[in-house]
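J.: Dumping the structure here so I can ask a few things about it.
The values are calculated or read from the model by the stated rules, or taken from the named source; none is laboratory data. Values in this document were obtained by computation on a predicted structure and should not be read as measured data. Positions of Cβ are generated from backbone atoms using ideal geometry, with glycine treated the same way; all protein chains shown enter the neighbour counts.
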Amino acid sequence: MAKAAQIKALIRSHAEGDDSRFYAIAMQVAAQAARSGHGTFAQELRDLVDKGKAQSHAASPLLPPKPVALTQPRGELSGLLSASYPKTRLGDMALGAPLREKLDRVLHEQRERERLRAHGFAPQRKLLFVGPPGTGKTMTASALAGEMGVPLFTIQLDGLISKFMGETSAKLRLVFDAIAETRGIFLFDEFDALGSQRDAGNDVGEIRRVLNSFLQFLEQDDSESLIIGATNHVALLDPALFRRFDGVFEYELPSAEIVTSVMQSRLALLDTAEMDWAQVAARAEGISHAELTRACEQAAKSALLNHETRVDTDDLISALSERFATRG
Ligand SMILES: Nc1ncnc2c1ncn2[C@@H]1O[C@H](COP(=O)(O)OP(=O)(O)OP(=O)(O)O)[C@@H](O)[C@H]1O
Ligand SMILES: [Mg+2]
């Protein structure tokens with residue numbers, strides 16, 4: 001039978017109008033059904049897919065073209081921001097309950113922002129994501145954009161500072177003008193570039209000036225956009241920064257339960273019936289979501305390259321050991 005993750009993936013691809021993914025998942029369900037002895041069901045599914053594909057092929061010239069996303073930063077802004085239109089959802093992420101609740105609350109406040117504003121309250125908009133590499137900070141920014149249906153603009157702060165030495169504050173103003181003009185998620189990645197303590201010994205004047213203008217712009221900003229700072233090093237951050245954010249969101253290495261859920265969802269399209277998840281999770285302790293995902297991908301690809309769809313405990317443990325060994 002189709003697994004929960006497959007059904008969810010089917011519905012999501014349908015909702016997004018992604019026909020090729022929809023049919024690919026359906027074919028995977030058919031293949032699994034065939035392997036587990038449900039030959040008739042498998043054949044019926046394949047026939048339905050063939051028929052559906054033929055019909056949508058015939059119908060497509062009549063359909064209006066899909067709208068194309070237009071907002072790409074132009075002119076001076078193009079070197080400062082990169083835009084994307086993520087389809088990621090919070091449901092695609094394995095998040096601990098407290099973090100998930102905080103993020104749901106952000107979305108809820110956004111949906112009800114008119115009502116809040118009408119009564120003199122502002123929705124949370126300035127968020128600081130803190131935590132080790134590979135735990136989902138950037139992915140959360142994408143998921144919030146996907147959930148809100150707005151573009152994600154990423155600003156690489158360390159690049160900005162070194163590229164425009166001496167005029168970073170002026171460039172930052174352009175970015176904040178864009179924040180006010182276009183509703184979106186604005187992610188200031190590598191936030192520690194700015195956040196290093198203002199009075200730290202290695203502080204050059206430029207960083208201090210940039211930090212001061214950032215604080216000022218952030219404080220003045222009263223736009224409809226979400227502004228997110230993401231950093232690995234909370235200890236480096238200036239206390240003055242914390243005060244300007246509406247909320248600090250802490251990311252952690254995954255618990256055993258989350259480890260299992262990340263792996264199960266990444267391997268949802270393969271046969272893991274014989275996997276000893278508890279044993280694998282015990283071996284994965286201390287590894288990030290990103291590395292877990294990579295280990296699963298590696299084990300899955302090795303299986304597929306061997307013309308198999310089964311991934312078992314040993315395969316996954318050996319992929320995990322490789323991640324541990326190559327970790328920087
Ligand atoms: N909570 C999560 N649930 C599911 N997958 C995750 C999660 N966190 C990370 N991943 C996987 O790891 C990849 C990298 O994560 P991401 O870039 O969001 O990490 P990050 O916290 O921004 O790391 P860095 O601090 O290095 O920028 C994601 O694209 C996704 O495949
Ligand atoms: Mg990141």
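Table: residues versus (1) within 16 Å of ligand 1 (Cβ to nearest atom); (2) among the basic types (Lys, Arg).
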site	(1), (2)
LEU236	yes, no
ALA240	no, no
ARG244	no, yes
VAL248	yes, no
THR272	no, no
GLN279	no, no
ALA282	no, no
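J.: Does GLU219 satisfy the condition of being in a helix (DSSP H, G or I), at pLDDT below 75 and farther than 23 Å from GLY131 by Cα?
T.: no
J.: When you scan the stretch 126-158, how many residues do you find that are within 11 Å of ligand 2 (Cβ to nearest atom), more than 11 Å from the chain's Cα centre (by Cα) and surrounded by 23 or more Cβ atoms within 10 Å (Cβ to Cβ)?
T.: The total comes to 1.
J.: Could you run through the stretch 224-246 and say how many residues are under 25 Å from ARG208 (Cα atoms), over 19 Å from the mean Cα position of the chain (by Cα) and either outside the structural domain of LEU152 (by TED's automatic domain parsing) or away from ligand 2 (no atom under 15 Å from the Cβ) (or both)?
T.: Qualifying residue count, the stretch 224-246: 12.
J.: Right, another one. Among the residues in the stretch 295-308, are any under 17 Å from LYS137 (Cα atoms) and basic (Lys, Arg)?
T.: The answer is no, given that none of the residues of the stretch 295-308 is under 17 Å from LYS137 (Cα atoms) and basic (Lys, Arg).
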